[in-house]
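Q: Can you keep this structure in mind? I'll have questions shortly.
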Amino acid sequence: MGFFVSALFSLVIFSYAAAFDPLDPNGNITIKWDIMSWTPDGYVAVVTLNNLQIYRHIMSPGWTLGWTWARREVIWSAVGAQATEQGDCSRFKGNIPHCCKRNPTFVDLLPGVPYNQQFTNCCKGGVLGAWGQDPSAAVSAFQLSVGSAGTSNRTVRLPRNFTLLGPGPGYTCGRARVVPPTIFLTPDRRRKTQALMTWNVTCTYSQILARKYPSCCVSLSSFYNDTVIPCPPCTCGCQTKDNCVKSDSKILSMVGVNTPKKDNKPLLQCTRHMCPVRVHWHVQRNYKDYWRVKVSITNFNYRMNYTLWTLVVQHPNLNNVTQVFSFDYKPLVPYESINDTGMFYGLKFFNDQLMEAGPFGNVQSEMLLRKDKNTFTLKEGWAFPRKVYFNGDECQLPPPDAYPFLPNSAYQNLLSFSTFISSFIFFLIAIW
């Protein structure tokens, strides 16, 4: 019995630890229910999904939100979203509810739906942007008319067992909790109104729950070493006859090969690492006061393009970024005393979409960093990143002992050159 309790306790602690992201400690998706009015048999509520994660977004085919009613509530109508199943509504005569299921599942509407079906911040196909990238795109909302429910703050019962897919597994939602009513401003911003009742649900993400293997890997190279350090073999699973195609396969010339499947099963290019995405970090140049890095992102999935992608890198010299040439850049400072993390994302209408695998399936940029004389070195892998995240998932780095090393001869040549310059300057001062 003691062993069982200990194992259960360890599992709970592990689950919470897995959901904690040290680079975004307060990141979550908050689902807010605002009751706007009471009806004869229930209420009208606005449900809002706020993505408060700095660099993790929900991409197509979008979010799926589910819950379980506390009683026998039904949904008379929905605006801005729809239930995936109506359920058994045979007990109703005349007006038939939109959904009678005890555990309804809702999805966002697609862009272009008729105006009378739209609601504020709806109809984006479930795509929910990252808050740090574009706060205006990090919100999704819809309206529900709920019947067979409570008609006052005392009699209404909160839904339970919330689930969120974004678009796959990975999110864990807590219990609904009543919070102070939301305050709204009128369009002229001269009057405040408030919801009749509000409750929140917080959902956090865990990469361990989302997938068995990493979804990306990192390769490394440098100007001072001819060796390119590839992604570790089988990083995202091992190659088999059925899970990938070669880059020269005839299958790739077939019509519709790039169309996503309903189950989102990828069509990967055969590689040693078998990752859908590879990030390559190349130490390109070393100047007197600056050094230059080139970052490339390559897509190996023929059925997926990544819209509004994000790349997060942790490196001590990111506290002094001088210029990023082809990406947008934003420093991330989750802890005020440490500035070693940055978020990169594509320039709008230029490279904010990483196309499917093929000749256009990559984006790249160079960046210039100012040296800190007290810390900068090319030795012992210092010039390479500590952590890399793509679309919010941590990428697998090569082992540190495999990093490109600075040859002893190169270091000695640099030292000899520095000694020569110092001696020459001393000589000039002496004869002056």
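The values are calculated or read from the model by the stated rules, or taken from the named source; none is laboratory data. None of these values were measured; they are calculated from a predicted model. Using ideal geometry, Cβ is built from the backbone for each residue, glycine included, and neighbour counts are taken over all protein chains shown. To get the accessible areas, we keep the full protein, side chains included, count just its heavy atoms, and leave off ligands, DNA and RNA. Shrake-Rupley method; radii C 1.70, N 1.55, O 1.52, S 1.80 Å.
Q: Out of the residues in segment 88-104 meeting the condition of being at pLDDT 95 or above and open to solvent by less than 40 Å² (accessible area, probe 1.4 Å), tell me which one is nearest to the chain's Cα centre (by Cα).
A: P104
Q: Please give the number of the condition C203 fails out of (1) in a strand (DSSP E or B); (2) more than 20 Å from the chain's Cα centre (by Cα).
A: Checking C203 against (1) in a strand (DSSP E or B); (2) more than 20 Å from the chain's Cα centre (by Cα), the one that fails is (2).
Q: Checking M343 against (1) surrounded by 12 or more Cβ atoms within 10 Å (Cβ to Cβ); (2) hydrophobic (A, V, I, L, M, F, W, C); (3) part of a loop (DSSP other than H, G, I, E, B), only one condition comes out false. Which one?
A: (3)
Q: Please enumerate the residues belonging to segment 277-301 that are crowded, with 23+ Cβ neighbours inside 10 Å and assigned to a loop (DSSP other than H, G, I, E, B).
A: F300
Q: Filter segment 78-105 for residues that are assigned to a strand (DSSP E or B) and in contact with a Ser or Thr (Cβ under 7 Å, 6 or more places away or on another chain); which is nearest to N161 (Cα to Cα)?
A: T105
Q: Among the residues of segment 368-382, write down those that are assigned to a loop (DSSP other than H, G, I, E, B), within 19 Å of P407 (Cα to Cα) and more than 27 Å from the chain's Cα centre (by Cα).
A: Correct list: F376, T377, L378.
Q: Within segment 186-200, track down each residue that is open to solvent by less than 30 Å² (accessible area, probe 1.4 Å) and polar (S, T, N, Q).
A: Hit for segment 186-200 is T198, nothing else.
Q: Name the strands (runs of 3 or more DSSP E) wholly within segment 132-190 that hold at least 3 residues that are touching a Gly at 6+ places or on another chain (Cβ under 9 Å) and polar (S, T, N, Q)?
A: 139-147
Q: Sticking with this one: Would you check if there is a residue in segment 118-132 being open to solvent by 20 Å² or more (accessible area, probe 1.4 Å) and closer than 22 Å to R157 by Cβ?
A: So far as segment 118-132 goes, no, none of its residues is open to solvent by 20 Å² or more (accessible area, probe 1.4 Å) and closer than 22 Å to R157 by Cβ.
Q: Kindly indicate which of A149, A210 is within 25 Å of R71 (Cβ to Cβ) and either over 30 Å from the mean Cα position of the chain (by Cα) or among the aliphatic types (A, V, I, L, M) (or both).
A: A149
Q: A further question on this structure: Quick check on segment 321-340. Is at least one of its residues open to solvent by less than 30 Å² (accessible area, probe 1.4 Å), part of a strand (DSSP E or B) and not hydrophobic (A, V, I, L, M, F, W, C)?
A: No; the residues of segment 321-340 include none that is open to solvent by less than 30 Å² (accessible area, probe 1.4 Å), part of a strand (DSSP E or B) and not hydrophobic (A, V, I, L, M, F, W, C).
Residue-wise test of (1) in contact with a strand residue (DSSP E or B) (Cβ under 6 Å, 6 or more places away or on another chain); (2) closer than 19 Å to N50 by Cα; (3) of a type in the set (G, A, S).
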site: T105; (1), (2), (3): yes, yes, no
site: Q133; (1), (2), (3): yes, yes, no
site: L144; (1), (2), (3): yes, yes, no
site: A149; (1), (2), (3): yes, no, yes
site: R154; (1), (2), (3): no, no, no
site: L164; (1), (2), (3): yes, yes, no
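Q: Related question: What number of residues within segment 225-256 are buried (at least 16 other Cβ atoms within 10 Å of the Cβ) and part of a loop (DSSP other than H, G, I, E, B)?
A: 4
Q: Let me ask something else about it. Write out, first by first residue and then by second, each pair whose Cβ atoms fall under 9 Å of each other, whose residues are 6+ apart or on separate chains, and whose first residue, in segment 223-240, is acidic (D, E) while the second is surrounded by 17 or more Cβ atoms within 10 Å (Cβ to Cβ).
A: Final answer for the pair search is D226/P404.
Q: Could you tell me which residue of segment 260-275 is most open to solvent (accessible area, probe 1.4 Å), considering only residues that are at pLDDT 85 or above and not in a strand (DSSP E or B)?
A: Result: R272.
Q: Let me ask something else. So which residues in segment 34-77 are open to solvent by less than 30 Å² (accessible area, probe 1.4 Å), in a strand (DSSP E or B) and small (G, A, S)?
A: Within segment 34-77, G42, A45, G66 meet the criteria.
Q: I'm trying to understand the selection: among the residues of segment 150-185, which are at pLDDT below 95, surrounded by 13 or more Cβ atoms within 10 Å (Cβ to Cβ) and aliphatic (A, V, I, L, M)?
A: none
Q: Looking at segment 346-367, which of its residues are open to solvent by less than 30 Å² (accessible area, probe 1.4 Å) and not in a loop (DSSP other than H, G, I, E, B)?
A: G346, L354, V363, S365, M367
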